[in-house]
Every structure is written in C-alpha cells, then in structure tokens.
Amino acid sequence: MHHLPQPRTLHARVHTLDASRRPGYNQVHMHPDDQEKTTFVTEWGVFVGVVMMFGLKTAPVTFKRIILDVFGEYIPAFMQVFLDDFAVYGMGKDHLHHLWLCLERCCIAQLSLNPAKCAFGVTSGALLGHIVSKEGIAVDPGKIDAIIKSPTPKNAKALGRFLGQLRWHNHVL
C-alpha cells in the first residue's frame, strides 16, 4: 500500500486524491470503550480522544485496514493507495467512471478529501514528493530546494549537519 505506482500501471489520465483535509487517522472514530484509554491531562483540563490520534501505536494499521475495507476491490485494478494519498487511473471514459466509484466510496465511508491537494484528469501528478507520469517517476523539484538553498558549510560542525541533512533527504527521496 505504500509503494509508488510503476509507470507501466499508469494510463492516459490520473487523478490524485488526498484524504488529509483532516489527517487520515483523525477521520477514524474511537470505539466508546477505548476512548478512556486515550485520556490525557493538561493545565487546561482532562481530555479524552473521540477520534484516533496521531501517535497511537495501532493508528497506522487501523487506518490501512479501513482503507482496504473501503477501496479493496479497486486496488490495484485502477487505484493505488499510499497512506492517505490515492491515485485513480484509467483510459478513455473509464477514468471518469473509476473516479466516480472512488469518490462515491469516500462519501459512503465519510472520508474527507483536501480539494487543494487533489488533481483531476492529469497526465502526471505530485505524489509523496515525486512526480509520477507515464514516462516514469522523478523527484519533485520543489522538494530538493532545501538542499540547493542550504548555506555552504563553514566548519566541521556545519559540514556534519549538512551531511546529516543529505542522508535524511536521500532516505526520504
């Protein structure tokens, strides 16, 4: 569920959807019996989680299971899922039908999408820091700006910090 789509699986039209209008986990309601297990105290009072919070040990697995329950029959036929990012693809008029099916499932499952992060009917799109198209997968140029704009290291400590950033970006990209 977390691999980037291979170029051979992409078609004439791709739709990228992002379920992070509210973070994906926060769209999952906690079972009433489990809510008290999420209790935490602050200077403003005692709070109980009614939705799954980021940081809960089983949150990623639970969200993945829900997504597979909702979209399982569409994966990998015409949809791929990457955490809370979805790619829906097809050729000809099929791509509109596929998009309709996926959006309908989002409504039924009450999954919120972030319109600002959705792209419809494109031949390539940004997905998890990469540009995905029929030609292949490339790193999103906007994601490497941090490295390009980094100041030149002036001493050993700054050089170590810069190399650490490069290692991190290499891992992420």
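The values are calculated or read from the model by the stated rules, or taken from the named source; none is laboratory data. Computed from a predicted model, the values in this text were never measured in an experiment. Heads up: the accessible areas ignore ligands, DNA and RNA and are worked out on the full protein's heavy atoms, side chains in. Shrake-Rupley method; radii C 1.70, N 1.55, O 1.52, S 1.80 Å.
Quick rundown of the values:
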{"item": "Average silhouette area of segment 46-173, convex hull of alpha-carbon atoms, in square nanometres", "result": "12.1 nm²"}
{"item": "Relative contact order of segment 37-161, defined on C-alpha pairs under 8 angstrom at six or more residues apart (%)", "result": "9 percent"}
{"item": "Over segment 78-129: Kirkwood hydrodynamic radius from C-alpha pairwise inverse distances, Å", "result": "11.8 Å"}
{"item": "Where segment 23-88 is the region considered: accessible area per residue in Å², 1.4 Å probe", "result": "62 Å²"}
{"item": "Cross-link reach list, lysines versus residue 149, counting only Cα pairs under 27 Å and skipping chain neighbours closer than eight places", "result": "117, 157"}
